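Visitor: Can you keep this structure in mind? I'll have questions shortly.
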Amino acid sequence: MIWSFDQKKLDLKVNWKLSRNQTTVKENILVKLETPNGIFLSEVAPNIRYGETVENILAEIETFKILIKKTSNTKLLLNTLDDISLKHSLRFALESCLISDIAKGEGKSLTEYLELAPIIKVPTSFSMPIIPVGEIEDYLKPIARFKSLKIKVDAETGAAMIAEIRKHTNAYLRVDANEGWSDFDEFMKFHETLKGLNIDFIEQPFPSKLQDEYRELKKLTPYTLMADESIEDVGDFQKLSEQFHAINIKLMKTGSLIKARNLLNEARAYNMKTMIGCMIETTVGISYGMLYSGMVDFVDLDGFLLVKDEPFHLVSEAEGILKLNS
């Protein structure tokens, strides 16, 4: 059993601006596991919202290296991942390599091993960061093939962006605020600007701690209300179902292929809609997200399309439709 960890700088096609931060570069870590069963790749995409940095991920990798000196048994390592402190994105990368090895050893595909629905070709939304209003028309032209757009908004510029976007597209809009509003009444003013648009859903307008605001908004909004930051690796679905109509599961924040499957199934049990989402990742990470393509209502796996010169090409896109390459 040989592990390797490779820091990879990803230049982005745009300035990726959200309500809380912005960047033109993303630094991820590629993880490789070599065993007698084959070579297995995964990816760590740190996210500052969850207290993750490249530096603290690298420190945890050193702790993991101490663990693997004690055993080369794949199943034993998998069972001990929760015994050490790991950021969710790193835990996902380690677990997915280990599970891939175990599944291969048992002669199963990952979908068979995880008992998932078959992988299918699926439409994804394409994301728009917070950008100046004057740049919106030019941004939209080359992505007209996508039937759904994921619009990043904040309290300062959201209304102006929506007003301009509605001039140039009839695509379905997925309005993603990344916890950008703290004042309920101010958000409702923005909410009014969405009338007459094709709204797929509104995602996480308030910080996750504002649970009363979410309960009130769910009563008032005609749109699907999606939880993102309000659910990570565990979820209280009784409370979540009172606040939201749907959940966004990302493997980098659940930290686990198995937990992701269980959270999606539990959401269904509470009659909630589901989405599989992503961070800014290469197709190594996105390929794992595609495992859930056959069991969700929405797919938002465009993170690799924001990367210049994506190197792996494990997933391809044509006319807004994603396909896992064999």
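The values are calculated or read from the model by the stated rules, or taken from the named source; none is laboratory data. Quick caveat: nothing in here was measured; it's all calculated off a predicted structure. Cβ: placed from backbone, ideal geometry, glycine included. Neighbour counts: every protein chain shown.
Visitor: I'd like the residue in region 270-291 that is closer than 23 Å to Tyr50 by Cα and hydroxyl-bearing (Ser, Thr, Tyr) and, out of all such residues, is surrounded by the fewest Cβ atoms within 10 Å (Cβ to Cβ).
Guide: Only one residue fits best here, namely Thr274.
Visitor: Looking at Gly180, Gly196, can you tell me which residue is in the same structural domain as Ile280 (by TED's automatic domain parsing), at pLDDT below 95 and crowded, with 18+ Cβ neighbours inside 10 Å?
Guide: Values: Gly196 fails: crowded, with 18+ Cβ neighbours inside 10 Å.
Testing whether each residue is in the same structural domain as Ile280 (by TED's automatic domain parsing), at pLDDT below 95 and crowded, with 18+ Cβ neighbours inside 10 Å leaves just Gly180.
Visitor: Looking at the structure I just gave you, is Arg49 exposed (fewer than 13 other Cβ atoms within 10 Å of the Cβ) and either of a type in the set (Ser, Thr, Tyr) or closer than 24 Å to Met279 by Cβ (or both)?
Guide: So Arg49 fails the test.
Visitor: Can you give me the number of residues within region 156-168 that are surrounded by fewer than 21 Cβ atoms within 10 Å (Cβ to Cβ) and either among the basic types (Lys, Arg) or in contact (Cβ under 8 Å) with a residue 24 or more places away in the chain (or both)?
Guide: Residues that pass the stated criteria total 9.
Visitor: Tell me, please, whether a residue that is modelled with pLDDT of 95 or more, aromatic (Phe, Trp, Tyr) and either in contact with a Ser or Thr (Cβ under 8 Å, 6 or more places away or on another chain) or assigned by TED's automatic domain parsing to the domain that holds Thr193 (or both) can be found in region 112-130.
Guide: yes
Visitor: Further question: Any residue in region 24-44 that's at positive phi: show its pairings with residues that are surrounded by 21 or more Cβ atoms within 10 Å (Cβ to Cβ) and of a type outside the set (Phe, Trp, Tyr) at Cβ separation under 8 Å, as long as the two are six or more apart or on different chains.
Guide: From residues that are at positive phi, the pairs are Gly38/Asp101.
Visitor: If you don't mind, another one. Against the definition (in contact with a Leu (Cβ under 7 Å, 6 or more places away or on another chain), at pLDDT 95 or above and buried (at least 20 other Cβ atoms within 10 Å of the Cβ)), how does Ile99 come out, yes or no?
Guide: Taking the combined requirement at face value, the residue satisfies it.
Visitor: Pick from Ala267, Ala227, Ala246: which is under 21 Å from Ala45 (Cα atoms), crowded, with 21+ Cβ neighbours inside 10 Å, hydrophobic (A, V, I, L, M, F, W, C) and more than 11 Å from the chain's Cα centre (by Cα)?
Guide: Only one candidate qualifies: Ala227.
Visitor: Another question, then. From the list Ser72, Ser85, Ser42, which one is within 24 Å of Ser109 (Cα to Cα), in a loop (DSSP other than H, G, I, E, B) and either at pLDDT 95 or above or among the small types (Gly, Ala, Ser) (or both)?
Guide: Ser72
Visitor: Give the residues of region 297-319 that are within 21 Å of Met275 (Cα to Cα) and either polar (S, T, N, Q) or loosely packed, with under 15 Cβ neighbours inside 10 Å (or both), sorted by residue number.
Guide: Ser316, Ala318, Glu319
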